[in-house]
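Encoded as structure tokens, the structure appears first; notes follow it.
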Amino acid sequence: MNHSGTFAAIRPQRLLRQLSSCLDTTCLQAVSNFVTWSIYLENGTITYATHSVEPFDRLERHLRRLSQEFPLITAEVRVQLRLLFETDLYNQTNENQNPDIIQPQDYQAIQWLVNQKYVDTKQATVLIQELVKEVTESFLLIKTGNYQLSDSSQKLPVICLLDVTKVIERCQIRLQNWQTYVPKITSPHQRPYLLLNNTIPGKNSTQLQPALTYWMKGFSLRHLSVIMNQDELQLAQHLYPYIVTGEIILHEPDPPFDQLPKIVTEFSSTPQYTTALLEKKLVDTVVELSSNATPITPIVERENVAIVKRSPQIPTQTKTTNKELNNTNSVPERVTPTTVTPEKLYKIVSVDDSPTILKEITYFLENENFTVIAINDPLKAAMSIIRHKPDLILLDLNMAGIDGYELCRIIRNNSMFKNTPIIFVTGSKGIVDKVKARLVGASGYLTKPFTRAELLKMVFMHLT
């Protein structure tokens, strides 16, 4: 078997099946359109799969979707995961890591959840199954690109083993169902927008759930499904008639999600699959529990793709300690309602001594369901925050008069804001700054320059 090749000669599905039938232990790495997929196999079974497009966004979504099954994983734990693993901080402080094994940071995060007893092996298996299926689904859509197989000695510590055939079959069925909506829908990362001035003949737009219409202004179908606690295909089925008639328009995925392959009509669509799976809500089952395992009540029925349940051979990890927009001389704050919807869902305070940054943040949120309070005088910010009682605070790190660390301490000392998300907005990418941010109680870290998608993702993490 070759150790490298091109997908012009062999299709992704065929390659994966071949590795499974040969009982190989390897890491299959594929590159297409600047995206890298990594699928880890042991004796022909999958131990994990990930790709380079926002792996922690993917992990965050699945942790939120499975929140009823993972009661110990709170919003604070999810934030801690990002602060530890989305940067190089964890790799630099973890003395026990084997340098011969290159582990994806999102897999390290799952291992940490197991080691810290936020989840047991059964729960980690549920999470890994869902992540592997999402990654494999996009992997099967690759048309052109290259692949290579790494040394078999570079394998991951095993939490669970997933049957390759079942994973592929499951993903093929999902892709066949997505093709029901091609060419109107070609990616779960497309972003639906509701056109309020357009109506469907004979239908009332109020048939759409009010919460759904609130959020249908920038979030992708994939993110909306988490907010609405629905399967992505169920959501697509619900929105499709409105998309066809033009009441809902779909924007292309935001970067970097636009680099992922689109859904095509190559797979033969089978109507009975579509009907049956939509009735089953398209969520799969988990590996069977041993008699002494912690019981979990599944949200809906799932299909089993895990074939072996193992005790995790995971090394013990080291615990890490944890203005006026147009005129700076005028009134130091301005309340900007950023949507025509009468009832706002959330209130956001943005503190920055740069009118440009304040204007940019307000612009990015102007079509969303937020009230934005822009403050360009950091010395007066604390009293203004107490007066407005925001749901989330965006805080510049480097300001004249008082820095973001000190202002964050002042805010956190007020019991009213003990649990209010505080996001540092800064141009610094240093690890030391991120550690200090954690120590003073920051909830997250947004690096300048940032995109609208990055800002919305941060809001999505902390407010929904």
- Query: Does region 267-286 include one or more residues that are hydroxyl-bearing (Ser, Thr, Tyr), at pLDDT 65 or above and not assigned by TED's automatic domain parsing to the domain that holds residue 129?
  - Reply: no
- Item | Counted residues, region 115-160 - those being crowded, with 18+ Cβ neighbours inside 10 Å and assigned to a helix (DSSP H, G or I) | 19
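Of everything in region 423-436 that's modelled with pLDDT of 75 or more and not aromatic (Phe, Trp, Tyr), which residue is farthest from residue 405 (Cα to Cα)? Full working, then the answer.
Going residue by residue through region 423-436, those that are modelled with pLDDT of 75 or more are 423-427, 436.
Pick out the ones that are also not aromatic (Phe, Trp, Tyr) and you get 423, 425-427, 436.
Values: 423: 11, 425: 11, 426: 12, 427: 14, 436: 8 Å.
Within region 423-436, the match that is farthest from residue 405 (Cα to Cα) is 427.
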- If you scan region 437-464, which residues turn out to be over 22 Å from residue 74 (Cα atoms) and modelled with pLDDT under 80? 453
- Task: Scan region 171-180 residue by residue and report those that are buried (at least 21 other Cβ atoms within 10 Å of the Cβ) and within 17 Å of residue 17 (Cα to Cα).
- Result: 171
- What do you reckon, is residue 64 closer than 16 Å to residue 138 by Cα and assigned to a helix (DSSP H, G or I)? no
- Message: Checking residue 420 against (1) in contact with a helix residue (DSSP H, G or I) (Cβ under 6 Å, 6 or more places away or on another chain); (2) at pLDDT 90 or above; (3) assigned to a loop (DSSP other than H, G, I, E, B), only one condition comes out false. Which one?
- Response: (1)
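Kindly evaluate residue 409 against the criterion of being in contact with a Gly (Cβ under 8 Å, 6 or more places away or on another chain) and either among the basic types (Lys, Arg) or within 26 Å of residue 216 (Cα to Cα) (or both). Quick ask: steps written out before the conclusion?
Numbers: in contact with a Gly (Cβ under 8 Å, 6 or more places away or on another chain): yes; either among the basic types (Lys, Arg) or within 26 Å of residue 216 (Cα to Cα) (or both): yes.
Spelling it out, residue 409 is indeed in contact with a Gly (Cβ under 8 Å, 6 or more places away or on another chain) and either among the basic types (Lys, Arg) or within 26 Å of residue 216 (Cα to Cα) (or both).
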- State which residue pairs qualify: first residue among the acidic types (Asp, Glu) and inside region 1-26, second residue outside any loop (DSSP other than H, G, I, E, B) and crowded, with 17+ Cβ neighbours inside 10 Å in any location, beta carbons under 7 Å apart, and separation of 6 or more residues or different chains. 24/41
- Item | Subset of region 26-70 [surrounded by fewer than 18 Cβ atoms within 10 Å (Cβ to Cβ) and in contact with a Gly (Cβ under 9 Å, 6 or more places away or on another chain)] | 31, 33
- Query: Looking at this structure, is residue 57 assigned to a loop (DSSP other than H, G, I, E, B) and acidic (Asp, Glu)?
  - Reply: no
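Residue by residue, here is whether (1) within 17 Å of residue 453 (Cα to Cα); (2) outside the structural domain of residue 453 (by TED's automatic domain parsing); (3) at pLDDT 75 or above holds:
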position	(1), (2), (3)
183	no, yes, yes
188	yes, yes, yes
196	no, yes, no
221	yes, yes, yes
228	no, yes, yes
231	no, yes, yes
243	no, yes, yes
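The values are calculated or read from the model by the stated rules, or taken from the named source; none is laboratory data. Here the structure is a predicted model, which is why all the values come from computation and not from measurement. A quick note on method: Cβ atoms are made from the backbone with ideal geometry, for glycine too, and the neighbour counts reach across all protein chains shown.
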